[in-house]
1. Want the number for GLU74 to SER18: 0.36 nm per residue separation, take away the alpha-carbon distance, what's left?
2. Tilt of helix 63-84 relative to the longest C-alpha principal axis of the chain, in degrees (0 to 90, nearest 10)?
3. Could I have the simple spin-label model distance between ARG6 and ASP49, label points 7 Å from Cα toward Cβ, reported in nm to one decimal?
4. First compute the accessible area of the chain with a 1.4 Å probe, then give the percent of it belonging to carbon and sulfur atoms.
5. Starting from the Cα-Cα distance between ARG33 and ARG62, subtract it from 0.36 nm times their residue separation and give me the gain in nm to one decimal.
6. Just read off the accessible area of CYS36 with the full protein assembly in place, 1.4 Å probe, to the nearest 10 Å².
7. Can you give the angle from 0 to 90° between the axis of helix 29-49 and the longest principal axis of the chain, with both taken from C-alpha atoms, to the nearest 10?
Amino acid sequence: MEWFYRIPGVDELDSAESFFEFFCVPYASPALRSCCLRVLRDFHQRLRDHVPLRNLLEEDPRAPWLLARRLLAESYQHCTAEHRQ
(Lines give C-alpha, C1' and ligand atoms only; values in the text may rest on other atoms or scores of the structure.)
Protein backbone atom coordinates (compact mmCIF):
# COMPACT_ATOMS: atom_id res chain seq x y z
CA MET A 1 0.00 0.00 0.00
CA GLU A 2 3.00 2.28 0.01
CA TRP A 3 2.02 3.47 -3.47
CA PHE A 4 -1.16 4.96 -1.97
CA TYR A 5 0.69 6.97 0.67
CA ARG A 6 2.93 8.46 -2.01
CA ILE A 7 -0.03 10.29 -3.58
CA PRO A 8 0.57 13.96 -2.75
CA GLY A 9 -1.97 15.23 -0.22
CA VAL A 10 -3.36 11.85 0.85
CA ASP A 11 -1.67 12.04 4.25
CA GLU A 12 -3.74 15.13 5.08
CA LEU A 13 -7.13 13.42 4.68
CA ASP A 14 -8.89 13.17 8.03
CA SER A 15 -12.51 12.18 7.37
CA ALA A 16 -14.55 10.04 5.03
CA GLU A 17 -15.83 13.17 3.33
CA SER A 18 -12.30 14.44 2.77
CA PHE A 19 -11.42 11.22 0.91
CA PHE A 20 -14.43 11.62 -1.37
CA GLU A 21 -13.67 15.28 -2.03
CA PHE A 22 -9.96 14.63 -2.63
CA PHE A 23 -10.66 11.84 -5.12
CA CYS A 24 -13.63 13.69 -6.69
CA VAL A 25 -16.01 10.80 -6.04
CA PRO A 26 -19.65 11.87 -5.84
CA TYR A 27 -21.52 10.75 -2.72
CA ALA A 28 -24.73 11.34 -0.80
CA SER A 29 -24.00 12.67 2.68
CA PRO A 30 -26.77 10.70 4.43
CA ALA A 31 -25.70 7.46 2.76
CA LEU A 32 -22.04 8.03 3.61
CA ARG A 33 -22.81 8.94 7.22
CA SER A 34 -24.73 5.72 7.72
CA CYS A 35 -21.98 3.45 6.41
CA CYS A 36 -18.73 5.46 6.37
CA LEU A 37 -16.79 2.94 8.47
CA ARG A 38 -17.79 0.08 6.18
CA VAL A 39 -16.89 2.12 3.10
CA LEU A 40 -13.46 3.05 4.48
CA ARG A 41 -12.79 -0.52 5.65
CA ASP A 42 -13.75 -1.86 2.21
CA PHE A 43 -11.63 0.83 0.54
CA HIS A 44 -8.64 -0.11 2.70
CA GLN A 45 -9.03 -3.78 1.75
CA ARG A 46 -9.27 -2.90 -1.94
CA LEU A 47 -6.12 -0.76 -1.65
CA ARG A 48 -4.28 -3.72 -0.12
CA ASP A 49 -5.58 -6.13 -2.77
CA HIS A 50 -4.75 -3.95 -5.79
CA VAL A 51 -1.07 -3.45 -6.22
CA PRO A 52 -0.46 -1.38 -9.34
CA LEU A 53 2.24 -2.37 -11.75
CA ARG A 54 5.31 -0.19 -11.34
CA ASN A 55 5.74 0.46 -15.08
CA LEU A 56 2.17 1.79 -15.36
CA LEU A 57 2.79 4.20 -12.50
CA GLU A 58 5.89 5.53 -14.20
CA GLU A 59 4.04 6.16 -17.47
CA ASP A 60 1.26 8.24 -15.94
CA PRO A 61 1.96 10.20 -12.76
CA ARG A 62 -1.81 10.31 -12.04
CA ALA A 63 -2.18 6.51 -12.21
CA PRO A 64 -2.10 5.97 -8.41
CA TRP A 65 -4.68 8.72 -7.88
CA LEU A 66 -6.92 7.30 -10.60
CA LEU A 67 -6.67 3.79 -9.19
CA ALA A 68 -7.46 4.97 -5.66
CA ARG A 69 -10.39 7.01 -7.00
CA ARG A 70 -11.83 3.96 -8.76
CA LEU A 71 -11.40 1.78 -5.66
CA LEU A 72 -13.08 4.36 -3.41
CA ALA A 73 -16.02 4.63 -5.81
CA GLU A 74 -16.33 0.83 -5.92
CA SER A 75 -16.28 0.64 -2.12
CA TYR A 76 -18.97 3.29 -1.85
CA GLN A 77 -21.18 1.57 -4.41
CA HIS A 78 -20.69 -1.82 -2.77
CA CYS A 79 -21.45 -0.62 0.76
CA THR A 80 -24.36 1.65 -0.07
CA ALA A 81 -25.97 -1.09 -2.18
CA GLU A 82 -25.73 -3.44 0.81
CA HIS A 83 -27.19 -0.75 3.09
CA ARG A 84 -30.21 -0.17 0.81
CA GLN A 85 -31.16 -3.85 0.86
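1. 18.5 nm
2. Around 20 degrees separate the two axes.
3. So the two model labels end up 2.3 nm from each other.
4. Within the chain, the accessible surface is 53 percent carbon and sulfur.
5. Full extension of this stretch gives 7.6 nm more.
6. Approximately 40 Å² for this residue.
7. The angle comes out at about 30 degrees.
The values are calculated or read from the model by the stated rules, or taken from the named source; none is laboratory data. The shown structure was predicted, so the numbers you read here are calculated from the model rather than taken from an experiment. Here Cβ is always computed from backbone atoms with ideal geometry, including for glycine, and neighbour counts include all displayed protein chains. Each accessible area value is taken on the protein alone, full model and side chains, heavy atoms only, with ligands, DNA and RNA left out. Shrake-Rupley method; radii C 1.70, N 1.55, O 1.52, S 1.80 Å.
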